[in-house]
Amino acid sequence: MPKKMEAALRAEARKKFGSTTSERARKYIYGTMRKTGWKPKK
């Protein structure tokens, strides 16, 4: 993942959901990165 974008999304998720490890926060981070065109390596 692009590290800079992921860090910004983690900070945003922390504000919105209270943590970055909850299922909803992880879905938010992953989904937003997919919307911008990022693809996982697998």
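Lys16: open to solvent by 70 Å² or more (accessible area, probe 1.4 Å), assigned to a helix (DSSP H, G or I) and in contact (Cβ under 8 Å) with a residue 12 or more places away in the chain, yes or no? It is true that Lys16 is open to solvent by 70 Å² or more (accessible area, probe 1.4 Å), assigned to a helix (DSSP H, G or I) and in contact (Cβ under 8 Å) with a residue 12 or more places away in the chain.
Residues that are at positive phi and under 11 Å from the mean Cα position of the chain (by Cα) within the range 19-42 are absent altogether. Considering the range 19-42, the residues that are among the hydrophobic types (A, V, I, L, M, F, W, C) and out of contact with any Phe, Trp or Tyr (no Cβ under 8 Å at 6 or more places or on another chain) include one that is most open to solvent (accessible area, probe 1.4 Å), namely Trp38.
The values are calculated or read from the model by the stated rules, or taken from the named source; none is laboratory data. These numbers were taken from a predicted model, which means no experiment stands behind them. As a convention, Cβ positions derive from the backbone with ideal geometry for all residues, glycine included, and neighbour counts pool all protein chains shown. For the accessible areas, the whole protein counts, side chains as well, though only heavy atoms, and no ligand, DNA or RNA atoms are used. Shrake-Rupley method; radii C 1.70, N 1.55, O 1.52, S 1.80 Å.
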